[in-house]
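In what follows, a single structure is set out as structure tokens and then discussed.
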Amino acid sequence: MLKDTLVTIPKNTREKPQNGNVYIYHVIESVYDPAKRYNTDKRICIGKKYDDTKMYPNDNYFKYYDSPEEYLVEAPEFSDCIKVGAMMVFDRELSNLGISNLLSFIIPENSDIFKDLIYYYTFGFNTATQYYKYFIREYYSYCNKIYSDSQISRIINTLTDDNISSFLSGWNNLKEEKDEILIDFDGTNMNSSISESSLAEYGKPKDDEGLPQINLSYAIDHNTGMPLFYELYPGSITDMSQTKIMIDKAKNYGYSDKNITFILDRGMFSKNNLDYLEENGFKYIIMAKTSLDIIHNSIIANMNKIKNQYKYFISSHNLYGITLERDVFKDKKLKCLHIYYDDEKASIERKILASNLAYYEECLKIILENKKTKKAELKPYKKYFLFEEDKDGYINKYDVNNQIIQGEMDLCGFFAIVTKDKLDTSYVIDEYRKRDIIEKTFRDIKSYMNMNKFKVHSDTKIKVKTFIAFISSIIKASINTKLKKYLKENSSDTLITVFKELSKIEVTKINDVYVRKYALTGKQKKILTELNLSEDTLKSYINLLNMSH
């Protein structure tokens with residue numbers, strides 16, 4: 001019963017006194033009873049009588065009657081239905097990770113709006129502030145109010161580089177174990193529509209849209225997938241050049257130089273980078289460039305020894321591997337060279353090579369039809385084809401360079417990883433392949449948080465979006481770690497479907513109090529259990545919601 005709402009008693013209703021009150025009934029239908037020879041009404045209670053013309057309606061009233069003008073009111077700032085399940089999970093993670101206190105300490109005046117924005121990035125799967133107000137209306141707001149786009153813009157512009165640096169320092173100080181840790185490090189790039197940005201420069205993008213790029217590097221805890229720190233830098237700077245800066249950051253954030261191992265991809269492979277890691281006491285597992293003479297020759301020399309030899313078979317990855325000691329850079333410093341052969345990889349690479357060669361040859365035939373082509377114009381084809389010139393210097397014949405092509409075919413499926421220390425061949429490939437967690441993090445940032453392209457119009461906003469996305473990635477990584485068992489047992493679920501399931505746990509406002517209308521489903525109970533949450537926790541958050549609104 002809506003005790004604070006009065007509506008006009010509809011016509012053709014029935015009244016029924018009961019316990020000192022008079023209840024109003026809507027006649028659903030009248031059915032003639034032949035035995036009694038009169039109509040019998042089928043009724044439903046729609047409210048309680050107030051006086052001769054007014055009544056207090058209940059929920060049934062609105063099933064049969066339109067809301068009268070006197071009942072219609074302006075929509076409230078927050079919805080009468082709040083997704084409390086998402087709020088509970090997010091708030092608990094924010095508190096348990098120490099991020100809530102950290103934000104309150106670093107940006108005390110604006111910590112609540114930043115919590116709201118992190119919440120929006122995490123459960124709203126978006127970073128566009130113009131949609132924030134629609135999201136937060138149905139979710140919980142730490143601010144107890146909904147800020148406009150212009151208000152948010154003014155607030156986020158107050159975040160400084162020092163604030164971000166303080167957060168990163170504080171976050172890494174919260175890490176309990178720093179004595180032995182594996183750190184995945186990688187970089188990606190995002191296109192930018194603001195060419196005047198000091199960060200946006202033309203480089204070598206993975207997705208080339210003809211726009212300047214901004215590069216982003218992440219360092220992630222290899223075992224938990226938890227982001228540790230990050231760096232934004234101009235698009236023209238390569239990952240290889242940026243590696244030293246990230247190594248220095250690791251030192252500055254207090255990571256021990258005794259048992260820290262960096263896991264790096266081929267883009268960071270250089271003598272300078274590996275020397276710098278060793279100078280600072282760091283270990284490494286890094287994908288090598290097989291074009292390097294020592295590595296290339298080592299693969300050729302051991303090709304038949306490794307290939308399809310059961311002695312070197314690593315069943316967990318369905319490939320073959322061997323470990324050698326080699327002076328990789330010819331600097332009299334021995335390193336461990338782990339050479340692997342993957343049959344499936346070899347088959348795929350051979351098909352790609354054959355397809356590319358067929359395409360190159362078709363193009364070559366078209367180019368040579370005019371009989372006025374010189375060797376200098378065929379630079380892209382010189383690797384795989386041999387050319388003959390006529391007396392005027394024009395190409396009149398070509399042959400396939402079978403020796404070069406066969407050499408590449410033979411190398412298909414082989415790859416190498418370099419480590420500083422002697423490590424088990426199986427362990428090295430196992431740990432390296434786990435680093436796909438960092439690729440998944442970048443994919444989440446670009447796709448689900450819609451940060452593949454920066455559309456904001458200042459460096460400050462770029463830095464703020466990246467900062468909020470970083471914290472959101474921490475929250476997601478923490479939840480994902482807790483749900484590993486659940487996600488493995490429920491292969492059709494992903495973190496996104498779990499978040500949507502949690503968002504279905506709602507409360508509805510009745511008589512100015514938020515209450516649950518529906519019991520938890522078995523799936524929801526299972527998810528909450530994996531997250532160390534219970535129905536009692538949910539009740540406490542509903543009470544918190546009622547106190548704050």
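The values are calculated or read from the model by the stated rules, or taken from the named source; none is laboratory data. Predicted model only: the values in this text are computed from it and were never measured. Note that each Cβ is placed from the backbone with ideal geometry, even for glycine, and that neighbours are counted across all protein chains shown. Please note that ligands, DNA and RNA were not included when accessible areas were found on the heavy atoms of the full protein model with its side chains. Shrake-Rupley method; radii C 1.70, N 1.55, O 1.52, S 1.80 Å.
So that you can scan it fast, the table gives a plain yes or no per residue for (1) modelled with pLDDT of 85 or more; (2) open to solvent by 60 Å² or more (accessible area, probe 1.4 Å); (3) aliphatic (A, V, I, L, M); (4) in a strand (DSSP E or B):
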| residue | (1), (2), (3), (4) |
| --- | --- |
| L2 | no, no, yes, no |
| Y23 | yes, no, no, yes |
| I46 | yes, no, yes, yes |
| Y56 | yes, no, no, yes |
| S67 | no, no, no, no |
| Y71 | no, yes, no, no |
| E74 | no, yes, no, no |
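Evaluating G281 against the criteria (1) under 28 Å from I214 (Cα atoms); (2) part of a loop (DSSP other than H, G, I, E, B) leaves one unmet condition, (1).
Of all residues in the stretch 408-443, those that are open to solvent by 20 Å² or more (accessible area, probe 1.4 Å) and small (G, A, S) total 1. Restricting attention to the stretch 259-278, the residues that are in a helix (DSSP H, G or I) and at pLDDT below 90 add up to 1.
Is it the case that the stretch 299-316 has a residue that's aromatic (F, W, Y), closer than 30 Å to K391 by Cα, more than 31 Å from the chain's Cα centre (by Cα) and open to solvent by 60 Å² or more (accessible area, probe 1.4 Å)? The answer is no, given that none of the residues of the stretch 299-316 is aromatic (F, W, Y), closer than 30 Å to K391 by Cα, more than 31 Å from the chain's Cα centre (by Cα) and open to solvent by 60 Å² or more (accessible area, probe 1.4 Å).
Of note, I468 does not satisfy the criterion of being on the phi < 0 side of the Ramachandran plot and at pLDDT below 90. Those residues that are loosely packed, with under 12 Cβ neighbours inside 10 Å and over 30 Å from S298 (Cα atoms), I need them from the stretch 381-398; list them, please. Those that are loosely packed, with under 12 Cβ neighbours inside 10 Å and over 30 Å from S298 (Cα atoms): E388, D390, K391, D392, G393, K397.
With respect to the conditions (1) of a type in the set (D, E, K, R); (2) open to solvent by 50 Å² or more (accessible area, probe 1.4 Å); (3) more than 30 Å from E278 (Cα to Cα), K446 falls short on a single one, namely (2). Here S79 fulfils each of the conditions (1) open to solvent by less than 100 Å² (accessible area, probe 1.4 Å); (2) modelled with pLDDT of 85 or more; (3) of a type in the set (S, T, Y) apart from (2). Looking only at residues in the stretch 25-44 that are of a type in the set (K, R) and more than 25 Å from N511 (Cβ to Cβ), the one that is most open to solvent (accessible area, probe 1.4 Å) is R37. Figure legend. Inter-residue proximity from the stretch 35-46: first residues over 16 Å from K63 (Cα atoms), second residues assigned to a strand (DSSP E or B), beta-carbon distance below 6 Å, spacing 6+ or different chains. Indicated pairs: N39/S30; N39/Y32; T40/V31; T40/D33; D41/V27; D41/S30.
Within the stretch 125-144, identify whether any single residue is among the β-branched types (V, I, T), farther than 18 Å from E506 by Cβ and in a helix (DSSP H, G or I), and answer yes or no. Scanning the stretch 125-144 turns up at least one residue that is among the β-branched types (V, I, T), farther than 18 Å from E506 by Cβ and in a helix (DSSP H, G or I). Contact map, the stretch 368-380: first residue closer than 11 Å to K397 by Cα and open to solvent by 90 Å² or more (accessible area, probe 1.4 Å), second residue among the acidic types (D, E) and part of a loop (DSSP other than H, G, I, E, B), Cβ cut-off under 9 Å, separation 6 or more or different chains; pairs are K371/D390.
Output the residues belonging to the stretch 336-359 that are over 35 Å from the mean Cα position of the chain (by Cα) and either among the hydrophobic types (A, V, I, L, M, F, W, C) or surrounded by 15 or more Cβ atoms within 10 Å (Cβ to Cβ) (or both). Matches in the stretch 336-359: A354, L357, A358.
Filtered by the rule that a residue be over 18 Å from E501 (Cα atoms) and either open to solvent by 30 Å² or more (accessible area, probe 1.4 Å) or at pLDDT 90 or above (or both), the stretch 133-142 gives K133, Y134, R137, Y142. Scanning the stretch 84-132 for residues that are open to solvent by 30 Å² or more (accessible area, probe 1.4 Å), at pLDDT 90 or above, in contact with a Leu (Cβ under 9 Å, 6 or more places away or on another chain) and more than 23 Å from T481 (Cβ to Cβ) yields N110, D112.
The criterion of being over 19 Å from I475 (Cα atoms) and among the basic types (K, R) holds for K145. Could you tell me whether the stretch 152-170 includes any residue that is touching a helix residue (DSSP H, G or I) at 6+ places or on another chain (Cβ under 8 Å), under 26 Å from I496 (Cα atoms), buried (at least 18 other Cβ atoms within 10 Å of the Cβ) and not aliphatic (A, V, I, L, M)? No, because not a single residue in the stretch 152-170 is touching a helix residue (DSSP H, G or I) at 6+ places or on another chain (Cβ under 8 Å), under 26 Å from I496 (Cα atoms), buried (at least 18 other Cβ atoms within 10 Å of the Cβ) and not aliphatic (A, V, I, L, M). All conditions in (1) outside any helix (DSSP H, G or I); (2) in contact with a Lys or Arg (Cβ under 6 Å, 6 or more places away or on another chain) hold for I294, with the sole exception of (1). Residues of the stretch 235-258 that are open to solvent by 10 Å² or more (accessible area, probe 1.4 Å) and at pLDDT below 80: S236, I237, T238, D239, M240, S241, S256, D257, K258.
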